[in-house]
Amino acid sequence: MPLDLCYKVFYSILEKICRLKFKRIIIISAHGPGFHQFVKEACKEIARKFEVKILYVHVWELITKEELVELTQDKFIHGACAETSLILYLRPELVKLERVKEEGLKEILKGYRVYPYKREKYYKGNPRLASKEIGEKLFKLLVKRTLEVIESSL
C-alpha cells in the first residue's frame with residue numbers, strides 16, 4: 001500500500017476515534033521507518049485539530065543498538081533474530097526457519113531497481129539466531145519500557 005494511502009487511512013481512523021470523544025489515545029507500533037513517519041505526522045495533525053493527547057510509542061526506539069546486539073547477537077530487526085525471536089515466543093507456529101535461504105539481504109544502494117521486482121528473502125540479519133528465550137527477554141524488556149513511557153506521560 002502506498003504510504004500516502006496509509007497516511008489517509010490512519011488519519012481517518014484517528015479522526016473517527018476522536019469523534020467518539022476520546023481525549024487520550026495511545027498508539028504502539030513496531031513497524032518500519034516509512035510507516036513510522038506518516039503515523040507521527042497524522043498524530044500531530046489530529047492532536048491539534050481535536051485538542052487530544054496522543055502518545056505514539058515506537059517500541060524499537062526504546063532499545064539501543066547495543067542492547068539489541070547484546071540480546072540477539074544481531075544488529076538488525078526486520079525479520080532477523082529480534083523479530084523472529086519475538087514471534088517464536090508469542091506465536092511459534094508462524095515461524096518457518098526452514099525457509100531461510102541465506103544470511104541477510106543485499107542493501108539496495110544503487111539508486112535503481114528493475115521491475116517486476118522479485119525478492120527471495122524478506123529479512124535482514126540472521127533469523128537463524130532466533131530463540132523463544134531471546135524472544136521472551138526482548139518482549140519483557142519492550143513491554144517494561146513501553147509501560148515506563150506510558151506512565152511517565154500520564
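The values are calculated or read from the model by the stated rules, or taken from the named source; none is laboratory data. Please read these numbers as outputs of a predicted model, since none were measured by experiment. Backbone-built Cβ (ideal geometry, glycine too); neighbour counts: all protein chains shown.
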(message) Looking only at segment 13-31, count every residue that is aliphatic (A, V, I, L, M), over 13 Å from C43 (Cα atoms) and under 22 Å from the mean Cα position of the chain (by Cα) and tell me the total.
(response) 1
(request) Only residues that are among the hydrophobic types (A, V, I, L, M, F, W, C) and part of a helix (DSSP H, G or I): list them for segment 39-80, please. (result) V39, A42, C43, I46, A47, F50, V59, W60, L68, V69, L71
(request) Give the residues of segment 38-54 that are hydrophobic (A, V, I, L, M, F, W, C) and either in contact with a Cys (Cβ under 8 Å, 6 or more places away or on another chain) or loosely packed, with under 13 Cβ neighbours inside 10 Å (or both), sorted by residue number. (result) F38, I46, F50, V52, I54
(request) Give the residues of segment 92-144 that are in a loop (DSSP other than H, G, I, E, B), at pLDDT 85 or above and exposed (fewer than 10 other Cβ atoms within 10 Å of the Cβ), sorted by residue number. (result) K96
(request) Would you point out the residue of segment 50-63, among those that are without any contact (Cβ under 8 Å) to a residue 40 or more places away in the chain and under 17 Å from the mean Cα position of the chain (by Cα), that is nearest to N126 (Cα to Cα)? (result) W60
(message) Under 8 Å between Cβ atoms, which residue pairs at least 6 apart in sequence (or on different chains) link something in segment 5-29 that is closer than 22 Å to L147 by Cα with a partner that is of a type in the set (K, R)?
(response) K23/K53; R24/K53; I25/K53
(request) Considering only residues that are under 15 Å from the mean Cα position of the chain (by Cα) and surrounded by fewer than 17 Cβ atoms within 10 Å (Cβ to Cβ), look in segment 64-74 and name the one that is farthest from G125 (Cα to Cα). (result) T64
(message) Criterion first (among the hydroxyl-bearing types (S, T, Y), at pLDDT below 95 and closer than 16 Å to R128 by Cα) does T84 satisfy it?
(response) yes
